[in-house]
Amino acid sequence: MRAAVYVRLSKEDRQGARSGIESCLVQRKNAERAIDTQAWHLAADGVFIDDDESGAEILRRPQLQVMLLAAERRAFDVLVLRDLDRLARDAARQAALLVQLKDVGVEVWTYTERAFVQLDGYGYLLTAVKGVVAEQERAKAAQRIREGLRFRVQAGRRATRAPFGYRSIRDASGAACWQIDDARAAVVVRVGEMFVERSGSFHGTAVALNGAGVPSPSGGTWAPQTVKNLLIQPLYRGEYRHGAMRTVARGGTLVSVRAPEAEVLRIAHPELRIWPAALLAQIDAALARPRRKAWGVAT
């Protein structure tokens with residue numbers, strides 16, 4: 001029987017309650033050893049590894065999609081996994097993937113239980129329960145990670161990369177924190193001044209910045225949305241906001257959505273304010289003006 005191996009490890013596995021789960025290399029070695037024990041043989045190009053990929057991501061998980069295409073080509077007969085949550089940690093989509101594999105003649109075998117996954121009769125009930133448990137574990141792990149990051153932020157440590165205008169440093173205790181980068185802060189101020197001069201036009205400001213040869217935060221050219229994103233950055237006003245966006249699973253993929261305002265953590269950092277008070281008042285006044293929407297761009 002021709003066998004293939006699928007391996008996955010996510011950030012939740014590394015940082016959450018399942019931080020002791022085997023690495024991708026260990027999962028692969030264990031799966032290959034199990035294949036030898038079962039007297040199967042490993043199919044050509046039959047190892048698929050998704051490292052640092054969430055079990056909630058289905059559509060954009062690279063090697064999962066490659067594996068499914070190989071299954072449709074009848075490249076292997078059995079798929080070997082550590083356990084079912086390596087395939088997916090969303091109960092409904094886990095079941096859908098199992099049915100998809102079954103429909104093309106591929107059976108799924110887990111080496112932790114040394115058994116084929118059952119999709120018929122009472123056996124399916126057990127499979128479904130395992131899927132629900134995996135989904136709940138993923139949600140709890142994600143919540144623990146969010147809580148850990150909030151604790152770091154409340155303790156004055158930084159949980160994300162420094163925004164444009166700042167650099168990361170270590171304080172006396174070794175904790176990561178941010179400090180204003182004078183050269184980049186000057187660019188931030190210049191953007192604000194140009195925005196006011198152009199009567200609050202994102203498009204006009206982008207054109208002026210490009211004409212003056214001012215590099216954008218990415219090092220390329222300015223776009224209206226880039227200007228807008230910079231102008232509404234709370235940290236330039238002396239306030240750090242944590243958790244304004246969060247990642248959720250929708251339609252088989254991960255998307256970023258705004259968190260409820262009540263759950264956003266706000267911490268005052270006057271020492272990190274870049275906008276001078278007078279300029280900030282002018283910027284906010286320009287941002288508050290009614291504006292006409294242009295086709296496809298911010299005005």
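Laboratory data are not the source of any read-out in this text; all were calculated from the coordinates shown. In this text, all values refer to a predicted model and were calculated from it rather than measured experimentally. Heads up, the Cβs are rebuilt from the backbone with ideal geometry, glycines too, and the neighbour counts pull from every protein chain shown.
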Förster radius 45 Å - calculated FRET efficiency between residue 45 and residue 160 (Cβ-Cβ, nearest 0.05): 0.75
Label-point separation in nm, residue 115 to residue 289, each point 7 Å along Cα→Cβ: 7.0
Rounded to one decimal in nm, the spacing of the 7 Å Cα→Cβ label points at residue 99 and residue 170 is 5.3
Of 191-203, 101-113, ordering from highest average Cβ density within 10 Å down gives 191-203, 101-113
How much length is gained on full extension from residue 24 to residue 261, taking 0.36 nm per residue of separation minus their Cα-Cα distance? 81.5 nm
Residue 2-residue 197 pseudo-label distance in nm [points 7 Å out on the Cα-to-Cβ vector]: 6.6
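Could you order the peptides 271-279, 257-265 from most to least packed, using the average number of other C-beta atoms within 10 Å per residue? Each step should come with its number before you reach the end.
Working: 271-279: 14.7, 257-265: 10.8.
Those peptides, ordered most packed to least, come out 271-279, 257-265.
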